[in-house]
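To keep things clear, I will list the structure first and then write my remarks on it.
Just so it is clear, none of the values below were taken in a lab; they were calculated from the coordinates. Just so we're clear, the structure is a prediction, and the values are computed from it rather than from any experiment. Cβ atoms come from the backbone with ideal geometry, glycine included; neighbour counts cover every protein chain shown.
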Ligand SMILES: Nc1ncnc2c1ncn2[C@@H]1O[C@H](COP(=O)(O)OP(=O)(O)OP(=O)(O)O)[C@@H](O)[C@H]1O
Ligand SMILES: [Mg+2]
């Protein structure tokens with residue numbers, strides 16, 4: 001009896017998640033009347049704006065991850081090692097992007113860095129791209145910081161650092177050879193979340209007027225019937241691919257096993 | 001000038017002084033133990049030598065050079081930690097080679113040296129394993145090899161055996177000592193285990209509440225403790241109050257009998273220390289004989305530890321478990337022999 005009830009609940013849950021997916025995929029395949037085809041996908045992939053915005057967002061996502069790791073790993077490391085008492089404050093700051101809407105951030109940026117300000121970042125393309133990058137970094141901070149901080153908790157940061165120092169290593173070597181490899185799985189999980197966020201982000205890119213994938217999705221959604229569903233399916237596959245990769249990375253990292 | 005000179009070393013954390021006027025000279029190749037109870041400042045002294053903690057005042061000279069301002073990675077001092085602290089992402093061979101790689105040694109040189117070191121610690125075939133695939137004793141050996149591979153000036157070990165079980169602890173301490181002798185490396189070993197300190201060291205520093213109470217060879221520390229703390233902390237010590245009859249020649253009355261120490265003692269009453277193994281059951285030619293009543297019999301295997309009441313004062317002593325001879329029983333009256341030369345006068 002209990003078993004039947006749990007099966008029923010499981011099926012219900014799966015239906016809740018899977019039915020819309022099936023609907024989405026089914027619709028994306030039915031651009032040609034009366035038959036299933038990849039016509040919508042062909043149209044989408046042939047659209048130069050798709051390729052441009054997609055590549056733009058991929059590059060931005062990778063840059064966000066690179067800069068984010070560069071910023072967060074040393075920060076989280078230093079806080080754990082030297083200033084454990086400020087950890088609650090740092091944590092609070094990194095959580096702010098969850099409560100402050102992106103629109104507030106971007107209006108703040110535009111006010112602070114407009115063409116008549118002391119640092120006119122919005123005045124040039126490079127400046128605007130940099131601003132967008134910083135915005136993405138801010139948005140991904142809650143996930144990135146938490147993931148890495150949790151990763152650091154699983155190793156004895158202080159003693160490993162001292163061991164490396166006594167062997168002659170400086171800070172750069174310690175970070176690159178000792179700390180980063182041991183929190184790599186955590187870094188990657190933060191990276192995949194960041195990738196997913198950046199690929200779908202709309203507000204920052206739209207208001208800074210950059211050709212990113214998010215605004216393109218929105219544009220298509222507003223003007224086309226079948227293509228947006230093809231795009232959503234593509235985005236969905238990318239997300240799942242990220243999660244699958246994350247799983248693989250976790251499973252195959254050689255040393256990341258519980259000590260006996 | 002000694003190899004390592006520590007003078008007037010002090011360390012405070014906020015208002016608490018945890019190391020007070022610590023002085024020590026260590027000769028090249030010496031094995032020194034810092035021995036003391038938990039919280040007495042042993043680790044803090046070691047960490048100041050390694051450079052992880054900055055002294056509040058005082059000087060640390062290595063080969064005559066003040067190292068206080070040098071960062072830990074500039075001191076060339078090998079360190080072994082209680083928790084092994086092997087890099088989990090590197091294999092045994094990569095761990096051992098880490099220091100050399102940091103120094104920019106070539107890969108052929110690293111390979112040779114790593115091979116030598118693994119040979120030295122008796123694990124020549126485990127180079128490809130990861131730390132989590134090793135036992136605690138093996139991990140600590142690898143940590144030792146890793147610390148020694150870059151040929152440091154000095155080796156510091158902070159309770160390296162505490163996390164291991166008793167058998168491994170004994171075999172590894174012998175191994176550490178023999179490797180240390182083979183390489184002739186100056187070593188400071190922190191422990192709170194007196195047996196470890198007594199069996200391994202050239203000299204021992206007994207620490208108490210941030211102070212070096214006594215520095216001496218194991219037999220010095222054991223037979224001629226300088227302070228009451230050292231006497232009580234190292235080994236088992238009986239304390240007996242005695243009445244001074246003649247302070248100039250040390251004539252005393254203890255447990256109802258007179259004895260002469262032949263050295264001057266303070267007036268009034270003195271506290272005497274006596275090791276259990278210096279007391280014999282029966283006079284056996286010893287110069288002083290006291291009588292007592294057995295109050296406790298502890299069978300420990302090859303030895304039997306007994307306690308006797310000497311008219312208000314209790315002393316513990318040992319006797320061998322001789323086959324065919326019955327040990328004393330509770331309440332039995334016994335004669336105990338002791339040598340006046342073995343009596344330590346303990347000053348406060
Ligand atoms: N970073 C620190 N901040 C504040 N107090 C400290 C710090 N490190 C050590 N202490 C204090 O200094 C004293 C000496 O500590 P230390 O670690 O040197 O003792 P220890 O002799 O090594 O003890 P154990 O045998 O338990 O390792 C202790 O009372 C400890 O609480
Ligand atoms: Mg300690």
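Whole number please: convex hull volume per residue of the Cα set in the stretch A:164-247, in Å³? Can you show the working numbers first?
Working: hull volume 8.4 nm³, N = 84.
Value for the stretch A:164-247: 100 Å³ per residue.
Which percentage, to the nearest 5, of the DSSP beta bridges contained in the protein assembly as shown is antiparallel?
75 percent
Over the Cα atoms of the stretch B:58-100, what radius of gyration and what Dmax do you get, in Å?
Cα radius of gyration and Dmax of the stretch B:58-100 are 14.0, 40 Å respectively.
Give the Cα extents of the stretch B:159-286 along the principal axes, in whole Å, largest first.
Here the Cα extents, ordered largest to smallest, are 53, 35, 25 Å.
Under 8 Å for C-alpha pairs, at least 6 residues apart: give me the relative contact order for chain B, rounded to a whole percent.
Values: 724 pairs, mean separation 53.1, N = 348.
Relative contact order, chain B: 15 percent.
Does the stretch A:12-70 classify as rounded, prolate or oblate by the C-alpha gyration tensor (a ≥ b ≥ c root eigenvalues; a/c under 1.5 gives rounded; else a/b over b/c gives prolate, otherwise oblate)?
Since a/c reaches 1.5 but b/c is at least a/b, the shape of the stretch A:12-70 is classed as oblate.
Considering Cα pairs under 8 angstrom that are at least six residues apart, work out the relative contact order of the stretch B:237-346 and quote it in whole percent.
30 percent
Å³ per residue of the Cα convex hull, for chain A?
Per residue, the Cα convex hull of chain A comes to 204 Å³.
So for A:91, B:347, fewest C-beta neighbours within 10 Å to most, what's the order?
So the residues, fewest neighbours to most, are B:347, A:91.
I want the antiparallel fraction of DSSP beta bridges within the stretch B:237-346, as a percent rounded to 5. Working shown, then result.
Numbers: 37 of 38 bridges.
Percentage antiparallel, nearest 5: 95.
What value does the stretch A:42-130 have for Rg/Rh, both radii from Cα atoms and Rh as Kirkwood defines it?
Reported Rg/Rh, Kirkwood definition of Rh: 1.10.
What area, in nm² and to one decimal, does the C-alpha convex hull of the stretch B:4-232 cast on average over all directions?
Taking the Cα atoms of the stretch B:4-232, their convex hull projects to 12.7 nm² on average.
Could you pull the Rg and Dmax for the stretch B:237-346, using just the Cα atoms, both in Å?
In order Rg, Dmax, the Cα atoms of the stretch B:237-346 give 14.2, 47 Å.
List A:19, A:132, A:184 from most exposed to least, where exposure is judged by having the fewest other Cβ atoms within 10 Å.
Placing the least packed residue first, the sequence is A:19, A:184, A:132.
Could you work out, for the stretch B:1-88, what percent of all Cα-Cα pairs fall into each 5 Å distance bin, beginning at 0 Å and stopping at the bin that holds the largest distance?
Using 5 Å bins, I get a P(r) of 3, 13, 23, 26, 21, 11, 4, 1, 0 for the stretch B:1-88.
With a 10 Å Cβ neighbour count serving as the proxy for reagent exposure, in which order, fewest first, do B:62, B:260 appear?
Least crowded to most crowded, the residues run B:260, B:62.
Once you have the Kirkwood Rh of the protein assembly as shown from its Cα pairs, apply Stokes-Einstein at 10 °C and 1.306 mPa s and quote D in µm²/s.
Using the Kirkwood radius from Cα pairs, D works out to 52 µm²/s.
With the contact rule set at Cα under 8 Å and sequence spacing of 6 or more, what percent relative contact order holds for chain A?
Dividing the mean separation by the residue count of chain A yields 28 percent.
Looking only at chain B, where both bridge partners belong to it, what percent of the DSSP beta bridges are antiparallel (to the nearest 5)?
75 percent
At 222 nm, what helix-only mean residue ellipticity would the protein assembly as shown give, in deg cm²/dmol to the nearest 500, using -39500 (n - 2.57) for each DSSP H run of four or more?
When only DSSP H runs of four or more count, the value is -15000 deg cm²/dmol.
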